[in-house]
Amino acid sequence: MTSIHRLALLAATATTILLGACSSTPMATSNTTTTTDTATTQTVTKAEQPVTNGVVISDPVGRLSEHLDPKSPLSQKRSIYFDFDQYTVKPEYTPVLEMHGKYLAAHAGISIRVEGNTDELGGTEYNLALGQKRAEAVVRALKIYGARDAQLEAVSFGKEKPQATGHDEASHAQNRRGDLAYPQK
């Protein structure tokens with residue numbers, strides 16, 4: 001074989017090897033980690049979890065993610081209530097905001113919409129502005145506990161989304177709130 005043929009064969013072989021090294025093959029659907037101790041060897045297999053847009057819908061046993069599980073405190077405590085014509089977060093809601101803020105900090109792929117609401121008193125524009133201030137106050141509190149800007153959205157519904165439909169002070173008090181709305185994926 002001439003040196004030109006050898007060189008061409010070598011180049012073709014090298015190209016094939018390089019292209020083969022660049023290709024990716026799908027890995028198995030489970031992650032396997034092997035740990036070695038001085039006395040034993042142990043293999044741990046983690047089952048793959050269903051994921052949609054970076055949000056884990058359920059764990060391997062089929063349970064809902066914590067923020068979607070109706071039995072979880074994250075699902076049960078999602079409203080922050082405000083005094084009349086105020087947008088200052090009351091200290092009694094610190095544990096709720098800390099719980100949600102730390103959950104968001106630990107789950108970067110999850111986002112939340114904070115919905116500011118008001119009672120029916122006041123004009124539409126005023127209530128929309130007050131609802132926005134309430135939503136932004138809740139967002140600031142969540143960021144204190146580690147939630148990131150990219151995870152948070154503050155919106156106002158003003159008086160358009162009442163929790164209680166009565167026209168008394170008890171109903172008004174239920175409607176002065178900021179709601180924490182997780183995506184339902």
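When each of A154, A108 is tested for being of a type outside the set (D, E, K, R), modelled with pLDDT under 95 and at negative phi, the lone residue that passes is A108. Among the residues making up the stretch 87-126, those that are free of Cβ contacts under 8 Å to residues at least 40 places away in the same chain and within 17 Å of P162 (Cα to Cα) are G122, G123, T124, E125, Y126.
With Q163, Q151 as the choices, which residue is of a type outside the set (A, V, I, L, M) and in contact with a Leu (Cβ under 8 Å, 6 or more places away or on another chain)? The match here is Q151. When the stretch 134-164 is limited to residues that are under 11 Å from V114 (Cα atoms) and charged (D, E, K, R), the one that is nearest to the chain's Cα centre (by Cα) turns out to be E153. The residue that is farthest from S171 (Cα to Cα), counting only those in the stretch 78-126 that are assigned to a loop (DSSP other than H, G, I, E, B) and aromatic (F, W, Y), is Y87. Looking across the stretch 134-178, just one residue is assigned to a strand (DSSP E or B), crowded, with 20+ Cβ neighbours inside 10 Å and charged (D, E, K, R), and that is R177.
The values are calculated or read from the model by the stated rules, or taken from the named source; none is laboratory data. What you see is a predicted model, and the numbers here were worked out from it, not measured in a lab. Please note: Cβ atoms are built from the backbone with ideal geometry, for glycine as well, and neighbour counts cover all protein chains shown.
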